[in-house]
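Quick notes on the structure that follows.
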Amino acid sequence: MSEMSTDAKLRVGLIGLGAVGQVHLEAYRASALVEVVAIADVSQSALDAYKSETGLRTYSNHLQMLESEQLDIACVLTPASLHVPVALDCAQAGVAVLCEKPLSISSAECERLIAEFAALGVPLFYGSSYRFLPTVRAARKLILDGSIGDVVLMREQAVTGRGPDACHPYGPIHYPPGFPGGSGMGLVDHGIHLIDIMAWITGLPIIWAYGRGNISGEPLRTEYATLGFANGATGHLLYNESTWSTVLPHEGAFSAGADWNHEGHIPGGSWQAEPGSIMVHGTKGALRIHHYANALFLNNADGVREVAVEGVPAPDHFRAQIDSFAASLATSKPPETSATDGLRAVQILEAIYESDRLGQTQNIPIVR
Ligand SMILES: NC(=O)c1ccc[n+]([C@@H]2O[C@H](COP(=O)([O-])OP(=O)(O)OC[C@H]3O[C@@H](n4cnc5c(N)ncnc54)[C@H](O)[C@@H]3O)[C@@H](O)[C@H]2O)c1
């Protein structure tokens, strides 16, 4: 890691400039704390798209970038199967890492990653980007302030598509055959956000899980999970983007923020027939969080109303995320999200798959 000063921006290198890497790069331009100085990707076309436009130094191999640049942070934005080996290369070079979700494809690999970073004394951050969405943060504050009473139920779903032939699951470089896999709005690639977020916004640990998820290389099925929280509440996830939507023509919203759906990344301001929606029900009220559309609604005894939300909508949450990590590096304070959060999410994901294999609910130990 380079010598850090309090006024200079931290130097960031991006590894992987695909769909999400491009969004990170754009979002980081608004940061007062970090500056992207270099990008590495094995695809020359991915690099060429940015080289002439930005003047960034480009590398076809991340090891060359780590050797040539004085980086403070490397963002690992490669497919999931490469997170651990690429992040470990960064740790060997003494460079702090922000790793995209899922932290790894197995909890054993997550544990190995965390142990090696700790042994080398290099900071490792987990990119739980939903924690930095303004609506999710505002909802968390309302829930923790008791505005909806005791949380009893949470739910989120993505059931959509244009039939099986139009659904393209991630290939083996993202999710190796035999491991959790599937499509972009499925359990491992998208639900991993919700597994983390449902616990984070309520402050309630997940203590059991039941469900089933797709296996990479095998035919796609409907994926579902029921999560049990320490207070008795349940969380329900339901995914299938190889079927058809039931949305009606008059339903939807203009999304204030950029969104992701079964067609990929959609810029802010676009019409969203099915804007992403997290629903939280309590004893005194309920919240509907349109996390990307940047709208938050509260329903209670006073009726339904929209709650004002501070902050810039997606994709600025990637800027907020890297700024949070940069601030924690500069001050040596613990980060808002840690690699342990990433490990926890993968452990719960594995419990869901194990419940399917064994046909019974899996208990999850509470880690403090
Ligand atoms: N936080 C979010 O909201 C969010 C959204 C989308 C994707 N993601 C995550 O980001 C990661 C990347 O997803 P994506 O959709 O951008 O994938 P992608 O396939 O679009 O892009 C991956 C990029 O990595 C490059 N790459 C592959 N191997 C490499 C290597 N060894 N060194 C350098 N570059 C390499 C590829 O050439 C490609 O450009 C995944 O872990 C995914 O789950 C997160």
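The values are calculated or read from the model by the stated rules, or taken from the named source; none is laboratory data. Given the structure is predicted, the values throughout are model-derived calculations rather than measurements. Cβ sites come from the backbone with ideal geometry, for glycine too, and all protein chains shown count toward neighbours.
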* **Among (1) out of contact with any Ser or Thr (no Cβ under 7 Å at 6 or more places or on another chain); (2) part of a strand (DSSP E or B) - the single one Ile39 does not satisfy** => (1)
* Restricting the range 50-68 to residues that are outside any helix (DSSP H, G or I) and polar (S, T, N, Q), which is farthest from the ligand (Cβ to nearest atom)? -> Thr58
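Going through the range 24-49 one residue at a time, which ones are near the ligand (Cβ under 7 Å from one of its atoms) and hydrophobic (A, V, I, L, M, F, W, C)? Outline the logic, then answer.
Just the residues of the range 24-49 that are near the ligand (Cβ under 7 Å from one of its atoms), to begin with: 40-43, 46.
Within the range 24-49, Ala40, Val42, Ala46 qualify.
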* **Residues of the range 260-284 that turn out to be surrounded by 13 or more Cβ atoms within 10 Å (Cβ to Cβ), at pLDDT 90 or above and among the charged types (D, E, K, R), as a count** => 1
* Mind telling me which of the residues Gly21, Gly13 ends up being out of contact with any Phe, Trp or Tyr (no Cβ under 7 Å at 6 or more places or on another chain) and either under 26 Å from Pro169 (Cβ atoms) or away from the ligand (no atom under 15 Å from the Cβ) (or both)? => Gly21
* Asked: Within the set of pairs 6 or more residues apart or between chains, which connect a residue that is under 17 Å from Cys99 (Cα atoms) inside the range 184-207 to a residue that is within 15 Å of the ligand (Cβ to nearest atom) and among the polar types (S, T, N, Q) with Cβ atoms less than 7 Å apart?
  -> Asp196/Ser128
* Listed residues Leu120, Leu153, Leu98; which is among the aliphatic types (A, V, I, L, M), modelled with pLDDT of 95 or more and buried (at least 19 other Cβ atoms within 10 Å of the Cβ)? -> Leu98
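Could you tell me which of the residues Arg162, Arg140 is in contact (Cβ under 8 Å) with a residue 40 or more places away in the chain, more than 16 Å from the ligand (Cβ to nearest atom), under 26 Å from Gly252 (Cβ atoms) and in contact with a helix residue (DSSP H, G or I) (Cβ under 7 Å, 6 or more places away or on another chain)?
Exactly one residue qualifies, and that residue is Arg140.
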* For the range 309-325, name all the residues that are surrounded by 24 or more Cβ atoms within 10 Å (Cβ to Cβ) and in contact with a Ser or Thr (Cβ under 8 Å, 6 or more places away or on another chain). => His317, Phe318, Gln321, Ile322
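Among Leu47, Leu82, which is in a helix (DSSP H, G or I) and touching a residue at least 40 places away in the same chain (Cβ under 8 Å)? Working first, answer last.
Numbers: Leu47 fails: touching a residue at least 40 places away in the same chain (Cβ under 8 Å).
Of Leu47, Leu82, the one residue that is in a helix (DSSP H, G or I) and touching a residue at least 40 places away in the same chain (Cβ under 8 Å) is Leu82.
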